[in-house]
Amino acid sequence: SWRPTLPAIVISLVFGGLYLVWGFRSDALLARFPSPWGTAVFFIIPVAMVLTVQILLGPNGTWLLSLPIVSFAVEHLRPVWRWPVYLASLLGLILPLWLISGDIGIVAGYGVTFLPAVLFVVAFTEARMNERRAREEAERLAAQLEGANRQLAAYAAQAEEMATVQERNRLAREIHDNLGHYLTIVNVQIEAARVVMAQNPEKARDALDKAQKLTKEGLTAVRQSVAALREAPTDHKPLRDAIQTLVEETRHAGLVVEYAVVGEGRPLDAQSKLTLYRAAQEALTNVRKHARATRVDITLDCTAPDRVKLTVRDNGVGTAVPDHGFGLIGMRERVRLLGGELKIETEPGKGFLLETAVPG
């Protein structure tokens, strides 16, 4: 039987301690020697220490010391360079057995027993590395997707602003052209009346009549343009459907929006409908522009007999100044005039909640 001597035990303990240090500091040690020669030394030293311990103490259990080296080889070496490590680990089992027994049959039997353990370590390490690579790839793709969503949201906000500016400019040109046309002709008629008033009062009255008629036509045209500006999006559809349109627009901008209607919808007066619609519109606009949120939850609550409540909550960055911006200030005034209530809850890093309740 194999009886290790005291010096062999002492040397094995020293090498075992150094092997533990190598195992716990392996990543740092390998990073300090990135060259191929440094990598070779990184593996040769622990293989030599393990082989020495196996020769000094014998094969009884010491072959387990080789398995961490096999795992490190799978992690840090190309496949072609792993085989020397595998063979060195196998040698650490065979050589002590050969020195003890000299029987090739015993050596072969232990080698066949040891081989599945090596294969299991190789397969387990490969699986762990594949899982880590898959997780890193998923995190990278998620970061790219988040960046793309932010960019899409920014583009959508820009497109919305451009559409608003274009429509405003179109209506401004229309009012300018119509009003300028009528005022120019009215001015000409009045000037003509002033010129002929003394000599031909009848012709002057005719010019003034034409000026009055043109003034009425101009006022009608201006009222039509203003009506187009003031036409409410809730005039021809239920409130729940009007808000649904805002939800779809926000979803197209790249945000996740959950919209729920609680209770049976009922008719509301035009001002209450418009106020709730504008509250939803203002909240969603602020989410797209400022919140950097990924999700918005909207609830239209019709369960109370005398109130309708709209709640908009996002998971964005929040703010320390809840009433900033003319939109929210104007919304608070509009709700107060109806006898309703507007509540805002927000803190930095905790999202934004807008709750609007109006009589109805």
**Q.** Conditions (1) at pLDDT below 75; (2) within 28 Å of R251 (Cα to Cα); (3) surrounded by 13 or more Cβ atoms within 10 Å (Cβ to Cβ); number of the one not met by I175
**A.** (2)
Q: Return a yes/no flag: does segment 254-262 have any residue that is at pLDDT below 90, within 28 Å of the chain's Cα centre (by Cα) and of a type outside the set (D, E).
A: yes
Q. In segment 64-86, how many residues are open to solvent by less than 70 Å² (accessible area, probe 1.4 Å), aliphatic (A, V, I, L, M) and over 13 Å from A117 (Cβ atoms)?
A. 4
Q: Could you please let me know if I329 is closer than 17 Å to T285 by Cα and modelled with pLDDT under 90?
A: yes
Q | Restricting segment 1-53 to residues that are among the hydroxyl-bearing types (S, T, Y) and open to solvent by 30 Å² or more (accessible area, probe 1.4 Å), the residue that is nearest to V74 (Cα to Cα) | A | S35
Q) Is it the case that some residue within segment 254-270 is surrounded by 20 or more Cβ atoms within 10 Å (Cβ to Cβ), within 18 Å of T234 (Cβ to Cβ) and not aromatic (F, W, Y)? A) no
Q: State all residues of segment 118-147 that are more than 30 Å from R82 (Cβ to Cβ) and touching a residue at least 12 places away in the same chain (Cβ under 8 Å); if no residue qualifies, say none.
A: E146
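The values are calculated or read from the model by the stated rules, or taken from the named source; none is laboratory data. What you are looking at is a predicted structure, and each value in this text was computed from that prediction instead of being measured. As a convention, Cβ positions derive from the backbone with ideal geometry for all residues, glycine included, and neighbour counts pool all protein chains shown. Quick note on the areas: whole protein, heavy atoms, side chains included, nothing else; ligands and nucleic acids left out. Shrake-Rupley method; radii C 1.70, N 1.55, O 1.52, S 1.80 Å.
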